[in-house]
Amino acid sequence: MAVAPTAPVSPAKEVGGLPAPGTAAPRPPATTSPVTTPAPAFGTQRGPATAARTSVHTTAGHRNPAPEPQPTHRPIMPAASLYPFSTEGGDQECIQRMVDFNSPLFKPEIGFPFGKSLRDVLYFTDNGQIIFPPTDNYVPSNPNPPPTGFSGWEGLPMVAAFWDDADFSQGIGTTWYQEYSTLSSTRDPLVRDVEAKIEKYLKTPYVAKWTLKVTWEKAPAYPSRRDDTQTSTYQAVLTTDGNLSFALLLYQDGGMRWDYTKLAAGNVLIGFSSGDGYAQNNELTQKPLAVKYRPDEHSSAGTGPADASVRMLRTAAPSLAGAGVRCLYQDGSLLEGWQERAWSLPIHPGADRELEAFDWCCRHVGKPLFCARFAEKRPRVGCEGYVPPTPAGAFGDPHITTLDGLTYTFNGLGDFVLLLASDAWTSFVLHGRTARTNMAQATNFVAFAAQYISATITTVEWTLGSQGDIQVLLNNKTIQFSYSQDMGAAVYYSPGVLLVNASSITAIFDGAIAVSISAASGILSVVCSLPDQYCNNTKGLLGVWDHDPADDFQMPNGTSISVNSSEKEIYSYGMTWAVGEHRLFAQPLDSLVMNFTPTFLSQLWQENKSQYQLAASQCHGSKECIYDVLSTGDVALGLATQSLAADFQQKKAVLNAFPPVITGDASLMAFRTERVMRQYRAVGEGARFVPHLSPELNISESGTLTWEPRGTAPFTVSLEAVGSNNLSALLQLRFTLCSCSRSQECDYSNTVTLGQSSLQLAACRCEGGYSGPFCQDPPDPCAQGCFPGVGCDSHTGCGPCPAGLTGDGWHCSDVDECAQGMVCPGNATCTNTVGSYACSCTAGEEDKGPGCGSACDSRSCPEGYCSNGGHCHRHPTTCTPICACPPAFIDQHCLVAGGDFQPLPSTADLPRRSVQLRVRTLQNATAGEVNGTVSAILGSLEVKTFQSNTNITQTTDNNGFTFTVVSEFAYDNRGTVIRFLNEELPRAITSAFNGQRGWREVGTHLLFQHLHRDNITDLVKLSVAELRRYFPCGLYGYKGYRLHYVGTIGFICISPCKMGYCQHGGRCQHLLEGPTCSCLPFSIFSPAGTQCEQLAISLAAFLGILLGALALLCLLLTIACLALHLCRRHCHQHQGVKETFWRPRPFPSLMTAGERAETSCSHSPERHWELQLQAIDPSVQIKIQRPHVRPPSHPSQQP
C-alpha cells in the first residue's frame, strides 16, 4: 500500500467542514438539507444527516440519534484539496470503455454501518454512485437519478456523490480507488487526515478501521465525444470504525464543467438513501441547473457546520483495564460466554460495549458473517476447566471462615490483617477493625480497608455509620454512586476498581478480586473472593490458601498452631496479626483497652448450662449463633449471625455448582429437504437434554437431533441440557438451509438470518441473468429504471425516449432540431433547446405567429382555462396553454379530481400528544437547564415530533432534585408518526434518557438518574378514530372524498371512484362537486341512478326478445306439422303389405274387419266379412289335419 502524501494533486475549494454532532430525525420522508448545508449527508443514522456547505461535503452517522446543536456563529473553514489520486496516490484504476460500468466489490471486514443495517458489501458506478447491494449477485447501475430526489425507500441503499448519467465510452476520463484497512496496521496519512477532520469538526475522538477513497477523474456527461473537455472531477471518501460512519465528498475547484444546458434531464443528485426509511437530499438539488451542477463554486449561507446524523455509540475497542469472561443468560440458562477484552464501565445505563457489540453483530444485523468475526475476536468459552473464585468471610461476633473453609471465632479488639495476597504483578491487603459489642466481653467488625496495588494503588475503606449505614471512601475521598441499568444497582467506577452499591457494597479490583461488605444489627460483615492466581500466596486471619485447612493458623513468623487448639490459643494466634504502624484506615484507632480479654464459649457453657441449652434451641445448634446470644444477651444478633453464616455457605455452594457442558457442532447445513442428523453430548452429573418435537425438528433426551427441512419459515431452537442440580445450559443452534435449484449453486459462506431466528438461508450463485439472494428474480429489464418519463415493459424493456430526445429509453440525449434542418417561419432564427427548439424573430416581427419564441411569452392563457387553483402556462414551442394542477386533479383543465392526497389538519387546535415526565437530577439544576437538556434528549427521538416542554416544577428530596416536566409532541397525517406517538413513545423516551447518547451527545453535564417507565404518565393520547375528525378531506374544496387510514401511510383521502362508487360498469369522474357516474348500457340492461345502481331492460331488447320468442314458436309448430305429415305418409306405404310369417288362428279364412284392424291404420265403420287368404311359402312344409266330425252329444274342443 503506497503512502499518499498530503500535498494536493488538484486544488479544491472547501466551503464546509465536517458536521458537528446534531440531531437525527428518524424517518422524515426524504428531506432537503437545511440552509446551512448544501452537502449531502450520510451515515448509519436513523434519520437524515447534514453536512456543512459545499465543496467538502461531509456526512456522518451511526446507530443512535443525538440532539441537534444550535450554532451561534459561522466558522471560517480552511481551504481544502482533493486527496491525491491516480498512481501517484497509490490508487488502482477502474475503467471500462462502455456507457455504464461498475467497480469490483468491496467487503469491509468489520462491515459498514448504514441506516438500520450493517452492510457487508459495496461498489461504485461510473455515474457517481456508491451502492450497498443486498447480495453479491445483484450489482445494478442506474444512470437516471429520480427527479424528486431520494425518498429513503429506494431498493438500493447508496451514497450519491454526483449522480447523473456519465459516459466513459469515448476514451475520456477514468475512475480511481484505494481501500485502507487499518484494523491493526499503521494508519496512512490520508486516514490520519480524515480522522483529524472528524475530530476537529465533530469534537469526538475517532480512529478509522476501514476507509475507501474513490475518485471520478474528468467524467464526461452522456453522450460523450472524443474531444469532450466539459468534464467533472470529484471524490468521495467513506470511513468507519464499526460504529460511526462518515462520508467526505470533495469537488475539484473549477473541475465541475458539465454543460448543463445540453443535458436531457438535469436531475443531478447529491445525498444518500439508506433504503430503510432515511434519506438526505442536498439542497443544491433544488437549485437552478447553473448552481447544482457547480458544487465546487456554490456554498451555503448557513451559520456553521451541523450534522443531524451524528449519534454516538460506545466503541467496542478494548480498554487498558482488561476484562474477564462475559456470560450471557437466557431465561436463567447459561446461553454462552466469550472472553472479553473490554471491561464494561456501567456508569450510565446501557453503557456496555461488549454486550452491545455482541447484540449488534450476532442478533440485529442478520448477517452471520459478522457474528463469526465477533467470535474470532471474542473466542467462545464454556465451563470446561473453569475454577470459581474461592470466598472467605467474617461476620457476627467475629466468626471467620478461611479460604480453605476452616471456621473459627476470634474476638480480638483493634486493627487486624485479614489477608495478604500477591502474585508476580499485583498485591492485595485487607484490614479489619473491631470494637466492643455493646458492653459485652466480645467484639465485632466496624470497619474494613482494602488496598490493591498494580500499575496504580487503589484503597477502599468501609466504615459503619451512626445510622447503621456504610460510609465508603475511595483513596480517602467520598464518592457519589450512579444507577446502572445493566447491573440494576448504583455503581461508581474508577480505573482499576468498580464499586457496586446494592444490598451490600462491593469493590471489584481489576475484575478479579471482590470484597463485599454488608451491615446488619450494627455489625459489619465481609466476604472476600480471590481468583486462582493467588493460590499458595496468601496469609493472615483468612488463612493460607492451599486447599488444606491444617495450616490455616499460620502466624506472621511462619509457625503454625493446630486447628484443634483451644479458644485461648486461637485468640493468642489471632492477636499476632494485629496491625502495626502501617494502617490502611484514614482515621487512627481509638486507644486500646490493653487488658481486654473476651469471654469464650466454653466459659459461657460452664457458667449457665440451662441458658446454653435454651440458646442452642433458638439457634438450631449453630455455635456462632449460640456464642453471640450468650456473650451479648441479644437473640436477634445471634439469629442474624446464623443467617449470615447460612447465606455464606449457600453462596459457596452456588459458586461451585455448574450447569452441564454441551459438546457438538452448533452449525447444521441442509440442501432443500435433505435429512440431517447430529449427536450431542451433555457432560455433567445427571445431565440430560430437554426433548423437542416439531414437524421438521426432533431432539431426543439422549441428544440426537434430526432435522428435515420443510420450508423457509423461521424458527428459533436452542439445545438445552439440565443437570441433577437443576442448572441448565443452552447451545444456540444455527440451521443453514440452501433452497437453490442445484446444490452446486449454494454459497454457505454468504447467509442471511431470517428474523433473528435460528434459521439462516444460504445465498445462491446465480446464472443466466437471474438475481436475488436465491436467484428467484428473473431478468427484469425494468429493474434498473428508465429515463424520466419513459415507460417500461417487463418483456421489451424501456420504451422510446420522450419527444425531442433520442436514445434507447435508458439513456436519452437531446436532438438538435436546428442542425437537422428544422425551419422556422419567416425570418425567425432557430435555437436548439433540450427536447425542442425555439424560433426568435427579427425586430418588428415578434408577434406575427407561434413560430417565434417571444410570441408565446407575450400571450397569456385564456381566462379561466385552469380551474381549482391550477396554474396555466404556454408551451414554449406550440404556444398551447398547459395547466399545472393540484395533486388531486387528473385532467388537463383541473376539473376532474380522483388522485389521492394526504389531508392537512383542519384547525390549529389539533391536540398535541403530551406526557408527564418525573426526572431526578444528580446535582442541583435550574428549570431552564432541565428544560434544555430534556428538550435535547426528546429532540433526538427516532421520530421528530417533539414540540416543547411546559409546566416544569421542582421538588427536592434526599436522593436528588426531582422535576416534573410536561412534554408535548405534534400529531400529523403520517402513519409512522401516529404509531410512534401512540405505541412507542414511552419506550423511546426511556431509551433516550437511559442511553449513552442522552449524555455524551447532548453536550451537557447535567445528569439524570435512571428513568423508569413508571416515571412517564400519559396525559393526552388520541386514537386513530379520535384523530379522524381533525383531518377532513373537504379542506381543499374537493367534495366527496373519503378519509381512510392506512398503517404504512397514515390518513389519506381517496376518491370514491377508486372504491367502486359507480356500479354495473359505470364510468366514474370526480368533478368539483363530487364523483359523477356515466352509466353505460350492457347486455340487455340500461343502468340508471346516481351510481348506476338501478337496472332496467331496454325497449329494443324487449321487442327483440318478443319477436325472437314468436319466431321460435312458429318454428316449433312448423316442425310438428312436418313430423305429422311424414308419419301419415309412412303408414300409407305399408297398407296392403302381406304378413310373411305364420300366425296361428282359426283355420277359416274368413275374419271380421275388427281382426283385420290389427294390421291396418284405417278403421271402417261397417262390419262385414271378407275373404282373407294368406300367402304360403312353398318351401315350408305344411301339415293339414283332417277335420274331425264330432257327434252332437260331445262338447266342442279348441283346436
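The values are calculated or read from the model by the stated rules, or taken from the named source; none is laboratory data. Since this is a predicted model, take the numbers as computed values, not measurements. Note that each Cβ is placed from the backbone with ideal geometry, even for glycine, and that neighbours are counted across all protein chains shown. Heavy atoms of the whole protein, side chains included, go into the accessibility calculation; ligands, DNA and RNA do not. Shrake-Rupley method; radii C 1.70, N 1.55, O 1.52, S 1.80 Å.
Worth a mention:
- Among the protein heavy atoms, those of S743 account for about 60 Å² of accessible surface (1.4 Å probe, every chain in place).
- Gain upon complete extension [R710, H547; 0.36 nm per residue less C-alpha separation]: 53.1 nm
- Computed with every protein chain present, the accessible area of V191 is close to 0 Å² [probe 1.4 Å].
- Per residue, the convex hull spanned by the Cα atoms of segment 70-183 measures out at 190 cubic angstrom.
- Ordered by 1.4 Å accessible area with all protein chains kept, E720, E708 run largest first as E708, E720.
- Three-way shape call for segment 540-621 based on the alpha-carbon gyration tensor, with the a/c threshold at 1.5: oblate
- Per-residue SASA entry for I1054, accessible area with 1.4 Å probe, Å² rounded to 10: 30
- The modelled label-to-label distance between Q603 and H692, using points 7 Å beyond Cα along the C-beta direction, is 6.5 nm.
- Surface exposure of segment 484-595, expressed per residue as accessible area with a 1.4 Å probe, stands at 48 Å².
- Cβ-defined net charge surrounding A442, 9 Å radius [Lys, Arg +1; Asp, Glu -1]: -1
- The mean accessible area for residues of segment 641-772, using a 1.4 Å probe and ignoring ligands and nucleic acids, is 52 Å² per residue.
- Evaluated at q = 0.14, 0.16, 0.28, 0.29 Å⁻¹, the base-10 log of the normalised Debye intensity for segment 465-524, with identical point scatterers placed on the Cα atoms, takes the values -0.39, -0.52, -1.33, -1.36.
- Taking Lys and Arg as +1 and Asp and Glu as -1, the other residues whose beta-carbon sits under 12 Å from that of L1043 total +2.
- Overall form of segment 701-822 per C-alpha gyration tensor (a/c, 1.5; a/b vs b/c): prolate
- Ordered from largest to smallest accessible area (heavy atoms of protein chains, 1.4 Å probe), the residues E88, E461, E1093 come out as E88, E1093, E461.
- Taking each of K116/K203; K213/K292; K218/K287; K209/K292; K116/K262; K568/K623 in turn, the alpha-carbon distance tops 28 angstrom for K209/K292; K116/K262.
- Fully extended contour minus Cα-Cα distance, from A636 to V676, at 0.36 nm per residue: 8.1 nm
- Count Lys and Arg as plus one, Asp and Glu as minus one, and take only other residues whose Cβ is under 10 Å from that of L584; the net charge is then 0.
- Kirkwood Rh in Å, taken over segment 591-734 so that all alpha-carbon pairs contribute: 20.2
- Centroid-to-centroid separation of segment 661-689 and segment 484-537 [C-alpha atoms, Å]: 39
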